1. If you line up the long axis of helix 13-24 against the longest principal axis of the chain, both from Cα atoms, how many degrees apart are they, to the nearest 10?
2. Going by average Cβ neighbours within 10 Å, how do the peptides 52-62, 76-86, 21-31 rank, with the highest at the top?
3. Between the stretch 104-122 and the stretch 178-229, how far is it from one alpha carbon centroid to the other, in angstrom?
4. Report, to the nearest 10°, how far helix 206-225 tilts away from the longest principal axis of the Cα atoms in the chain, using its own Cα long axis and a range of 0 to 90°.
5. Just name one of ALA210, GLY199, THR189: the one whose Cα is farthest towards the positive end of the charge dipole of the stretch 146-225 (beta-carbon charges, Lys/Arg +1, Asp/Glu -1).
6. I'd like to know which of LEU120, PHE35, CYS22 lies farthest towards the positive end of the charge dipole of the stretch 5-149, counting +1 on Cβ of Lys and Arg and -1 on Cβ of Asp and Glu.
7. What label, among (i) 0.98; (ii) 1.03; (iii) 0.95, belongs to Rg/Rh (Cα atoms, Kirkwood Rh) computed from the structure on display?
8. Specify the angular offset, from 0 to 90 degrees and rounded to the nearest 10, of the alpha carbon long axis of helix 49-63 from the longest principal axis of the alpha carbons in the chain.
Amino acid sequence: MFLGGFRSDMTGIKAGALAAHCRARGQAFLRFDYFGHGASSGDFREGTVGRWLADALAVLDRLTVGPQILVGSSMGGWIALLVALARPERIAALIGIAPAPDFTEDLIWSRLSAQERRQLLERGELLHPSAYEENPIPFTRRLIEEGRDHLLLRGPIGIRCPVHLLHGMRDPDVPYEASLRLSRCLSETDVVVELVEDGDHRLSRDQDLARLMTALDGLTQRLRASGSP
């Protein structure tokens, strides 16, 4: 089950590559768009981490059967961790691609100037330039404040399934140190952190996708060897 990033959608390179890879191996695969993303309805400005988590849980509960491997990209890595905490009996393993837990607090709010914070609080929204879109991205007060209800990196994270993290060391958006910090919080499980020296945030090059498929196949084989369906 693939969980995309902030303002991305299920037609992206990684989602498409995973779909083709799983299809070729006879492995079930599911991808979806959060509220306000891609083909889904809703105003993006009304979205929050909690609402997107609810989307992911609804998809997991209604459209999948048995243990699942979650693959979360950027914000999707945060959502995947929250799903694993909410449904531990359903999650067999987790892969994070440049995972960005707590990004609303650590990568947005903490980087805003005093003036930008004041504007966000007073107007309820701040338009911020994007390296990936022509138009600026709206950061809402609702997004920041609601995100604080879901912060994970402030202490141990009680996930017990295997976790494999992939992160580019030239990631300009989510520093690779975030994955190292996350691995320390995942003290109750087996964690592999794979750093890509020349990798960027998207990790969508052929060699990056090959690493992702190798990680997925390795976890799949491990789970089958242990008797998981």
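1. So the inclination is approximately 20 degrees.
2. Details: 52-62: 16.7, 76-86: 24.8, 21-31: 13.5.
Highest mean packing first, the order is 76-86, 52-62, 21-31.
3. Their Cα centres are 32 Å away from one another.
4. 50 degrees
5. Of the options given, the answer is THR189.
6. Projecting each Cα onto the dipole axis, the largest value belongs to CYS22.
7. Of the labelled values, this structure produces (iii).
8. 30 degrees
Bear in mind these aren't lab numbers, they're just calculated from the coordinates by the rules spelled out. Nothing here was measured: the structure is a model prediction, and the numbers come from that model. Cβ: placed from backbone, ideal geometry, glycine included. Neighbour counts: every protein chain shown.
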